[in-house]
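Have a look at the structure below, then the notes.
The values are calculated or read from the model by the stated rules, or taken from the named source; none is laboratory data. Every value quoted in this text rests on a predicted model; they were computed, and no experiment measured them. Here the Cβ is made from the backbone with ideal geometry for all residues, glycine too, and neighbour counts use every protein chain on show. Each accessible area value is taken on the protein alone, full model and side chains, heavy atoms only, with ligands, DNA and RNA left out. Shrake-Rupley method; radii C 1.70, N 1.55, O 1.52, S 1.80 Å.
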Amino acid sequence: VQLQASGGGLVQPGGSLRLSCAASGSDFSINVMGWYRQAPGKERELVAAMSSVGITNYADSAKGRFIIARDNAKNTVYLQMNSLKPEDTAVYYCNAFNNGMFYWGKGTLVTVSS
């Protein structure tokens with residue numbers, strides 16, 4: 001499975017961004033797709049994940065501000081990020097879990113700054 005993420009960039013505090021990640025190399029819906037992030041000097045952490053049947057898991061920091069969505073037909077996952085804060089600045093990584101294996105995409109940088 002290969003993951004291709006897009007949508008990062010620079011945004012002002014309070015703004016919004018939408019990340020997208022398309023998976024290729026799987027003929028069936030991937031079990032779980034999601035997003036992690038890693039800020040400078042910190043460990044990588046889960047932001048949000050969604051199973052192929054729509055079960056979601058959000059980090060506390062993402063609840064109420066971020067929305068994860070999937071298009072199973074396209075094996076694509078989206079992360080709508082609203083009310084962004086400077087502490088959301090990080091490299092965001094797309095992740096897939098399928099048939100017992102984890103896959104990672106290249107990160108996309110999100111910078112929240114005025």
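Within the chain, the proportion of C-alpha pairs whose separation exceeds 19 Å stands at 38%.
Here r is the Cβ-Cβ distance between I55 and L10 and R0 is 25 Å; the resulting FRET efficiency, rounded to 0.05, is 0.15.
Express the carbon and sulfur contribution to the solvent-accessible surface of the chain as a percent, rounded to the nearest whole number, probe 1.4 angstrom. Mind showing how you got there, number by number?
Numbers: 3130 of 6140 Å².
For the chain, the apolar C and S fraction of the accessible surface comes to 51 percent.
Per residue, the chain exposes 54 Å² of accessible surface when a 1.4 Å probe is rolled over the protein heavy atoms with every protein chain present.
Evaluate the charge dipole of the stretch 61-114 about its Cα centre and quote only its size in Debye, nearest 20, assuming +1 on the Cβ of each Lys and Arg and -1 on the Cβ of each Asp and Glu.
Numbers: 6 positive and 3 negative charges, 17 e Å.
In total the dipole reaches around 80 debye.
For the chain, a simple Cβ point-charge model (Lys and Arg +1, Asp and Glu -1, everything else neutral) yields a dipole of about 140 debye relative to the Cα centre. Amide H to amide H distances under 5 Å link F66 with N82, where only residues 5 or more positions off or on other chains count and H is placed in the peptide plane. Think of the chain as having a plus end and a minus end, set by charges on the Cβ of Lys, Arg, Asp and Glu; of T56, S83, A22, S83 sits farthest toward the positive end of this dipole.
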